[in-house]
Amino acid sequence: MFWAELNFLTFIPMILIDDILVSDDVVKKQFVCNLTKCKGVCCVEGDSGAPVEEAETKILTEIFPAIRKYLTPEGVKAIEKQGAFVDEPDDEYTAYATPLINGAACAYVNYEKDGVISCGIEKAWKEGATTFRKPISCHLYPIRIKPMETVTAVNYDVWNICSDACTLGKKLKVPVYAFLKDALVRKFGQEFYDTLDQVAKK
């Protein structure tokens, strides 16, 4: 496992681990989701659905019958009309995304009794209805993954609706990468995460 710290012409510090290029903000910024404050609004805000990797498109199609009871009636209708995923050819991160309900909420949302918006796929996963937790882009947020010609860029995405998460992260002193340990291990493996952790602590 090779790593190096790099400075590009933009003077943005980066960490290179093999062919994975990690923004310095991923280790320096602090973040912990605060659902009691934001209520999971990231699942209903934005111009498009969550990015979906090509390998995940088949999974979403296959698991729909098993997870539909965890979705809203509107979400089920949106998926039945648009498909388990939609094309997003102009998205800088992926060619596919989750469908939306009337151009707003993700079709896979679930509304909890306390008003928190959760992921219906993840709820189904927690109850053993599927082995697929949720799209990796959702699991990794606020990190965004961008495949490039020779490397994969790992960036921290700043969104004003996550300000409460930033405040809580600073209070608890939890860096972005540590908050997202499970997701990073799922995407890149334990060895990558351990190397990133060592670099971060230096």
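The values are calculated or read from the model by the stated rules, or taken from the named source; none is laboratory data. In this text, all values refer to a predicted model and were calculated from it rather than measured experimentally. Because the Cβ atoms are built from the backbone with ideal geometry, glycine has one as well, and the counts that use them run over all protein chains shown.
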> Only one of these conditions is not met by V32: (1) closer than 30 Å to V199 by Cα; (2) touching a strand residue (DSSP E or B) at 6+ places or on another chain (Cβ under 9 Å); (3) buried (at least 16 other Cβ atoms within 10 Å of the Cβ). Which number is it?
Replying inline: (2)
> Can you tell me which residue in region 112-136 is farthest from L184 (Cα to Cα), limited to those that are at pLDDT below 95 and surrounded by 18 or more Cβ atoms within 10 Å (Cβ to Cβ)?
Replying inline: I117
> Restricting the search to region 146-170, which residues are touching a residue at least 12 places away in the same chain (Cβ under 8 Å), charged (D, E, K, R) and not in a strand (DSSP E or B)?
Replying inline: D157, D164, K170
> In region 179-194, how many residues are surrounded by fewer than 20 Cβ atoms within 10 Å (Cβ to Cβ) and either under 16 Å from D24 (Cα atoms) or of a type in the set (D, E, K, R) (or both)?
Replying inline: 6
> So which of V22, V86 ends up being under 19 Å from the mean Cα position of the chain (by Cα), buried (at least 16 other Cβ atoms within 10 Å of the Cβ), under 27 Å from T195 (Cα atoms) and touching a residue at least 24 places away in the same chain (Cβ under 8 Å)?
Replying inline: V22
> Checking I145 against (1) surrounded by 14 or more Cβ atoms within 10 Å (Cβ to Cβ); (2) out of contact with any strand residue (DSSP E or B) (no Cβ under 9 Å at 6 or more places or on another chain); (3) closer than 23 Å to G49 by Cβ, which test does it fail?
Replying inline: (2)
> All but one of (1) in contact with a Pro (Cβ under 9 Å, 6 or more places away or on another chain); (2) at positive phi hold for A153; which doesn't?
Replying inline: (2)
>> Name the single residue that is nearest to I121 (Cα to Cα) among those in region 32-51 being aliphatic (A, V, I, L, M) and modelled with pLDDT under 95.
In response: A50
>> Here's a check for you: in region 31-70, which residue that is outside any helix (DSSP H, G or I) and without any contact (Cβ under 8 Å) to a residue 40 or more places away in the chain is nearest to the chain's Cα centre (by Cα)?
In response: G46
